[in-house]
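Novice: Handing you this structure, nothing more for now.
The values are calculated or read from the model by the stated rules, or taken from the named source; none is laboratory data. Remember, predicted model here, so these are calculated numbers, not experimental data. Cβ sites come from the backbone with ideal geometry, for glycine too, and all protein chains shown count toward neighbours. Protein only, heavy atoms only, side chains kept; ligands, DNA and RNA dropped before computing areas. Shrake-Rupley method; radii C 1.70, N 1.55, O 1.52, S 1.80 Å.
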Amino acid sequence: MTLFLLRRLAVALLVALTVLTLSFMLTRLSGDLAISIAGPNASQEDVELIRRAYGLDRPLIVQYFDWIGRAVLGDFGTSYFFRERVADLIGQRLPITITLGLVGLAIALAVAIPLGIAAAVREGTWVDRTGMLVALVGQAMPSFWLGLLLMIVLGLQLQLLPISGTGSWQHYVMPGIVLAFSAIPALMRLTRSGMVEALSSDYIRTARAKGLTRFSILAKHALRNAAIPVVSIAAVQLGFMLGGSIVIETVFALHGVGFLAWESISKNDFPVVQAVVLVLALIYIALTLLADLLNAVLDPRLRTA
């Protein structure tokens, strides 16, 4: 288990270093940062002054290692637009995005796993076809359109839920449903395929021959083996939710990291954009590492793979 953990940690560190490099290079490849900060109407003197003030006149390799050194210590610089430390800005907004992602994942799992199990148990019936239709609709429906639809129906017409803000848990329900709807198809299909494979295995036939109850066979035997790919995809989906929350946070006016990224892109606030990309990528790496460890616990054979 220790060797397995060390291998996964090494891969995670390499991916993190790659993300550090890409987040730095992509902002530099977008053009002259000094001109973007100064604005189109700035004079050449103003541009040169900004270039010296932010250290953009130094060699690129020096800027790169300086960025890495400060980022490792949690120092992402100062925002050009907000005039605050980038780390403080992200620290204020990150809890909103994480809460939204966890709510969305909880809703997705609560819907997808029972649907996947029901579709596997009733394979080839109307239950199975209904579940696959739900997966198809969820995959095809644009998230912003669903968000606006829920705001009109649940927020304005029925007045069941607030349509914007973060004042209470109710504010996270509608955006959580929208996030969950995009994750349900993959989770449901994996649960269904895993359960179908498990239910046709020899050990399930043995369990039935022993006289075990239907619930015991499904919950304790089949679902445990079917859950291994579901754990991995759930971690990946949570990462996608956190990274893709920019649209949902903009629609529902949730001032999380996604909304901060949108503001920063529109204001050419490159330190914030770099930091948001890096933080979300590191969270995604941590989630996939956690999924690998959980899978190793569920299936000891993976520890020697």
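Novice: Could you go through region 93-102 and let me know if any residue there is surrounded by fewer than 16 Cβ atoms within 10 Å (Cβ to Cβ) and touching a Ser or Thr at 6+ places or on another chain (Cβ under 9 Å).
Specialist: No; the residues of region 93-102 include none that is surrounded by fewer than 16 Cβ atoms within 10 Å (Cβ to Cβ) and touching a Ser or Thr at 6+ places or on another chain (Cβ under 9 Å).
Novice: How about region 185-219: which of its residues are open to solvent by 60 Å² or more (accessible area, probe 1.4 Å) and within 14 Å of residue 230 (Cβ to Cβ)?
Specialist: Result: 189, 197.
Novice: For the subset of region 69-90 comprising residues that are in contact with a strand residue (DSSP E or B) (Cβ under 9 Å, 6 or more places away or on another chain) and small (Gly, Ala, Ser), which member is most open to solvent (accessible area, probe 1.4 Å)?
Specialist: 77
Novice: Kindly list the number of the only condition in (1) open to solvent by 50 Å² or more (accessible area, probe 1.4 Å); (2) within 24 Å of residue 224 (Cα to Cα); (3) at pLDDT 80 or above that fails for residue 160.
Specialist: All conditions are met except number (2).
Novice: Which number in (1) out of contact with any Asp or Glu (no Cβ under 9 Å at 6 or more places or on another chain); (2) outside any helix (DSSP H, G or I); (3) open to solvent by 50 Å² or more (accessible area, probe 1.4 Å) marks the one condition that residue 253 misses?
Specialist: Result: residue 253 passes all but (3).
Novice: Go through region 256-281 and give me each residue that's open to solvent by 10 Å² or more (accessible area, probe 1.4 Å) and more than 18 Å from residue 27 (Cα to Cα).
Specialist: Listed by number, the list holds a single entry, 259.
Novice: Against the condition open to solvent by 60 Å² or more (accessible area, probe 1.4 Å) and within 30 Å of residue 162 (Cβ to Cβ), how does residue 182 come out, does it pass?
Specialist: Judged against the criteria, residue 182 is a match.
Novice: Based on what the data block shows, is residue 120 in a helix (DSSP H, G or I) and either free of Cβ contacts under 8 Å to residues at least 60 places away in the same chain or open to solvent by less than 50 Å² (accessible area, probe 1.4 Å) (or both)?
Specialist: The answer is yes for residue 120.
Novice: Looking at 164, 143, can you tell me which residue is in contact (Cβ under 8 Å) with a residue 60 or more places away in the chain and more than 23 Å from residue 109 (Cα to Cα)?
Specialist: Residue meeting the stated conditions: 164.
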